[in-house]
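Inspection log for the structure reproduced underneath, given as structure tokens.
The values are calculated or read from the model by the stated rules, or taken from the named source; none is laboratory data. Owing to the predicted nature of the structure, the values given are computational and were not obtained by experimental measurement. All Cβ positions, glycine included, derive from the backbone under ideal geometry; neighbour counts span all protein chains shown.
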Amino acid sequence: MARYTGPKTKKARAFGEPIFGFDKSFDKKKYPPGQHGNSRRRKQKSDYANQLKEKQKAKYTYGVLERQFRNLFDKASGKKGVTGTVLLQLLEARLDNTVYRLGLAPSRPAARQLVSHKHIMVNGVLTNIPSAQLRAGDIISVRGKSRHLQVINESVKGKSDVRKYPWIEWNPDKMEGVFLDYPERESIPEPINEQLIVELYSK
């Protein structure tokens with residue numbers, strides 16, 4: 001399964017945001033990477049550069065490759081509603097992202113690994129496709145044999161309150177969550193300017 005495996009702090013510094021989660025190294029150097037560090041005078045970026053940067057930020061945030069991202073955009077374009085908002089909703093509805101939001105994994109890459117290693121079930125069916133799109137009412141649970149895994153138990157114990165994501169519910173007793181519906185734009189916490197992405201693909 002293809003995925004980005006390069007230096008995460010360097011990417012986060014390029015975007016100016018900790019897109020992969022908390023990072024001590026990023027906190028120490030919150031300026032773009034480069035030989036001359038923060039002293040280098042940087043030129044004002046063009047509209048295209050800003051649009052491309054926003055698309056790349058969204059791709060790396062959700063761990064989606066170029067072809068997958070383009071396909072999702074085309075799918076969003078064919079649906080009713082604001083294209084940029086629908087795109088983010090489709091990204092949030094990915095199985096790996098929902099596993100991460102539920103607190104079953106400390107990061108999206110870890111959530112993707114749980115899914116691909118057959119630890120996660122959807123509506124009682126073992127599902128190992130991280131990009132699987134969830135629908136309203138889908139139940140995401142941990143496979144019975146996998147509930148003792150240390151990574152899952154530690155993540156669940158240390159997870160923040162899942163109630164801050166109103167489009168999902170979590171039942172700790174059953175070790176399962178419910179994808180209630182696609183989230184409203186104001187509920188999605190990722191600082192992404194989706195309109196710039198729409199403008200980029202509309203050229």
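Suppose the filter is closer than 22 Å to PRO106 by Cα and assigned to a loop (DSSP other than H, G, I, E, B); does ILE129 pass it? Taking the combined requirement at face value, the residue satisfies it.
Would you point out which residue out of ASN123, ASN71 is free of Cβ contacts under 8 Å to residues at least 40 places away in the same chain, surrounded by fewer than 17 Cβ atoms within 10 Å (Cβ to Cβ), in contact with an Asp or Glu (Cβ under 7 Å, 6 or more places away or on another chain) and not acidic (Asp, Glu)? Walk me through how you get there before you give the answer.
Numbers: ASN71 fails: in contact with an Asp or Glu (Cβ under 7 Å, 6 or more places away or on another chain).
Matching residue, one of ASN123, ASN71: ASN123.
The set of residues in the range 148-181 being surrounded by 18 or more Cβ atoms within 10 Å (Cβ to Cβ), out of contact with any Lys or Arg (no Cβ under 8 Å at 6 or more places or on another chain) and assigned to a loop (DSSP other than H, G, I, E, B) consists of TRP167 alone.
So for the range 143-154 (the condition being in the same structural domain as ARG108 (by TED's automatic domain parsing) and under 30 Å from LYS80 (Cα atoms)), does at least one residue qualify? No, there is no match, as no residue in the range 143-154 is in the same structural domain as ARG108 (by TED's automatic domain parsing) and under 30 Å from LYS80 (Cα atoms).
Annotation: LYS45 fulfils all but one of (1) within 19 Å of LYS203 (Cα to Cα); (2) at pLDDT below 95; (3) charged (D, E, K, R); (4) in a helix (DSSP H, G or I); the unmet one is (4). Among the residues examined, ARG135 does not qualify as among the basic types (Lys, Arg), surrounded by 14 or more Cβ atoms within 10 Å (Cβ to Cβ) and not in a strand (DSSP E or B).
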